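The values are calculated or read from the model by the stated rules, or taken from the named source; none is laboratory data. Source: prediction; values computed, not measured. Every residue, glycine as well, gets a Cβ built from its backbone with ideal geometry; the counts of neighbours run over all protein chains shown.
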Amino acid sequence: MRVDTSILFQILIRTQKPELVCDVGSLDGDRACRFRSLLPQARVVAFEANPINARAMREDARHRDAAIELHDEAASDLDGHVRFFVEHVGANTACRGMSSTRRRSEEYRLPQEPIQTEVPAVRLETFVLGSHPIPATIALWIDAEGAAFEVLSGIERIRDRVQVVHVEVEEREVWYGQKVKGEVVGLMQRLGFRELARGLASPQYDVVFVPAETTAGSKARYRCALAVASVLSLVRRHRIGAWMLRTLARAILGLGPSSVLSRRSG
């Protein structure tokens, strides 16, 4: 099913209330702050490997005020260090989110050569199992610019704790040697997850995964969340009757002042 996956993810975490939310590839921390507004009691952790972005986040008082925990590491399939390609920003601030552990393919390369450096890396399971206390329930938002497969390879020992995964995938190679969408889906199936919905764009878009084995109650909640997200996706795209449907969503889901219809979805 195709929906605005950012809306669906926010509905799911608002109703499931995970103890830990990880924003992997946080960029500027805006998403992490939104997750904090939806889950005041949760631990919200932002992973940002780009040293330029991480420094800007540390200097941003919003993240301190929202108690966002920042880790300037790349979530990956190993603990140690990985190569990282920092793309030049210049006047094009959109490039802030294009840096990656992989070099962009010829078709998608930017005008200037990236700066190659080395950054700390950690498996998410290492991070989670080293926490005190260890969270019982987890939600993952992953925007890792071609490294989704590596990030998800690092959750095997915590997969039973993960309630929902929102991850950006590509249908073709944007970064050299990356795993594309079909390979990411295959990995998630082996880990015990199924695809609930995908985003509206192509060939790069987001996918929401949930545990494959669910109770009747969970299935009903997923159907309800999909239905509400589908309607709100139409509202966001067409701006028709938004106030009415926001009211409906808040009544059904108990949403507070921070609306899932926020135009900025990351």
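Given the structure, is Leu20 of a type in the set (A, V, I, L, M), crowded, with 19+ Cβ neighbours inside 10 Å and either in contact (Cβ under 8 Å) with a residue 60 or more places away in the chain or in contact with a helix residue (DSSP H, G or I) (Cβ under 9 Å, 6 or more places away or on another chain) (or both)? Please lay out each step first, then the result.
Working: of a type in the set (A, V, I, L, M): yes; crowded, with 19+ Cβ neighbours inside 10 Å: yes; either in contact (Cβ under 8 Å) with a residue 60 or more places away in the chain or in contact with a helix residue (DSSP H, G or I) (Cβ under 9 Å, 6 or more places away or on another chain) (or both): yes.
Against the criterion (of a type in the set (A, V, I, L, M), crowded, with 19+ Cβ neighbours inside 10 Å and either in contact (Cβ under 8 Å) with a residue 60 or more places away in the chain or in contact with a helix residue (DSSP H, G or I) (Cβ under 9 Å, 6 or more places away or on another chain) (or both)), Leu20 qualifies.
Looking only at region 6-27, count every residue that is of a type in the set (D, E, K, R) and under 19 Å from Ala121 (Cα atoms) and tell me the total. Step through it out loud before you land on a result.
Filtering region 6-27 down to residues of a type in the set (D, E, K, R) leaves 14, 17, 19, 23.
Now drop any that are not under 19 Å from Ala121 (Cα atoms), which leaves 23.
Counting residues in region 6-27 that are of a type in the set (D, E, K, R) and under 19 Å from Ala121 (Cα atoms) gives 1.
Residue-wise test of (1) more than 24 Å from Thr15 (Cβ to Cβ); (2) among the basic types (Lys, Arg).
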residue	(1), (2)
Arg159	no, yes
Gln178	yes, no
Val184	yes, no
Leu187	yes, no
Glu195	no, no
Tyr205	no, no
Pro211	no, no
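On the basis of being closer than 14 Å to Phe9 by Cα, among the hydroxyl-bearing types (Ser, Thr, Tyr) and modelled with pLDDT of 80 or more, does Ser230 make the cut?
Details: closer than 14 Å to Phe9 by Cα: yes; among the hydroxyl-bearing types (Ser, Thr, Tyr): yes; modelled with pLDDT of 80 or more: yes.
Yes: the conditions hold for Ser230.
Kindly indicate whether Gln204 is surrounded by 14 or more Cβ atoms within 10 Å (Cβ to Cβ) and either modelled with pLDDT of 90 or more or of a type in the set (Val, Ile, Thr) (or both). It would help to see each step written out before you state the result.
Values: surrounded by 14 or more Cβ atoms within 10 Å (Cβ to Cβ): yes; either modelled with pLDDT of 90 or more or of a type in the set (Val, Ile, Thr) (or both): yes.
Criteria met by Gln204.
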*In region 79-89, is there at least one residue being among the aliphatic types (A, V, I, L, M), touching a residue at least 60 places away in the same chain (Cβ under 8 Å) and either touching a helix residue (DSSP H, G or I) at 6+ places or on another chain (Cβ under 8 Å) or surrounded by fewer than 21 Cβ atoms within 10 Å (Cβ to Cβ) (or both)?*
no
*Is there any pair with a first residue in region 91-113 that is within 17 Å of Pro51 (Cβ to Cβ) and modelled with pLDDT under 90 and a second that is hydrophobic (A, V, I, L, M, F, W, C) and surrounded by 12 or more Cβ atoms within 10 Å (Cβ to Cβ) whose Cβ atoms are under 7 Å apart and which are 6 or more apart or on different chains, and what are they?*
Cys95/Val89; Cys95/Leu110; Arg96/Leu27; Arg96/Val89; Gly97/Leu27
*asked:* With the condition being closer than 20 Å to Ala136 by Cα and under 16 Å from the mean Cα position of the chain (by Cα), I'd like the helices (runs of 4 or more DSSP H) fully within region 1-87 carrying at least 2 qualifying residues.
replied: 5-16, 30-38
